[in-house]
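Below you'll find the structure, written out as structure tokens, and then a few comments.
The values are calculated or read from the model by the stated rules, or taken from the named source; none is laboratory data. Source: prediction; values computed, not measured. With ideal geometry, Cβ positions are generated from the backbone for all residues, glycine too; neighbour counts draw on all protein chains shown. Ligands, DNA and RNA are stripped out before the accessible areas are found, and what is left, the full protein with its side chains, is counted by its heavy atoms. Shrake-Rupley method; radii C 1.70, N 1.55, O 1.52, S 1.80 Å.
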Amino acid sequence: APLLPQEHDKPPAIANGELRINGKGKKLRKPRTIYSSLQLQALNQRFQQTQYLALPERAELAAQLGLTQTQVKIWFQNKRSKYKKIMKQG
């Protein structure tokens, strides 16, 4: 009987949690994260204290909120750019 490809032989679909590549080499994005109101409240509160998180702070915040560190990092990046844009407008 011909050998069937085993499940573990396949490369992982999601390489770094962000992007994956389908058969045609086109990048598929993970759907955007929907944050709960509690998560947003905590993130916004923390942003008011500091616009930049150190690694241990980011890890702690992510663990508290049930998010990945990448999600927290990107939320802060987006928030900073949004904030700067608003400040520029005065």
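Tell me which residues, restricted to the range 28-61, are within 15 Å of LYS79 (Cβ to Cβ), open to solvent by 50 Å² or more (accessible area, probe 1.4 Å) and among the hydroxyl-bearing types (Ser, Thr, Tyr).
TYR35, TYR52
Within the range 62-84, track down each residue that is open to solvent by 50 Å² or more (accessible area, probe 1.4 Å) and among the charged types (D, E, K, R).
Let us first name the residues in the range 62-84 that are open to solvent by 50 Å² or more (accessible area, probe 1.4 Å), namely 63-64, 66, 68-70, 73-74, 77-79, 81-84.
Correct list: LYS73, LYS79, LYS82, LYS84.
Only residues in the range 16-41 that are at pLDDT 70 or above count as the first member; pair them with residues that are open to solvent by 100 Å² or more (accessible area, probe 1.4 Å), Cβ under 8 angstrom, at least 6 apart or cross-chain, and list the lot.
Within 8 Å, the pairs are LYS27/ILE21; LEU28/ILE21.
Could you grab the pairs with beta carbons closer than 6 Å, sequence gap of 6+ or different chains, first residue in the range 54-83 and closer than 17 Å to LEU38 by Cβ, second one surrounded by 13 or more Cβ atoms within 10 Å (Cβ to Cβ) and of a type in the set (D, E, K, R)?
VAL72/ARG58
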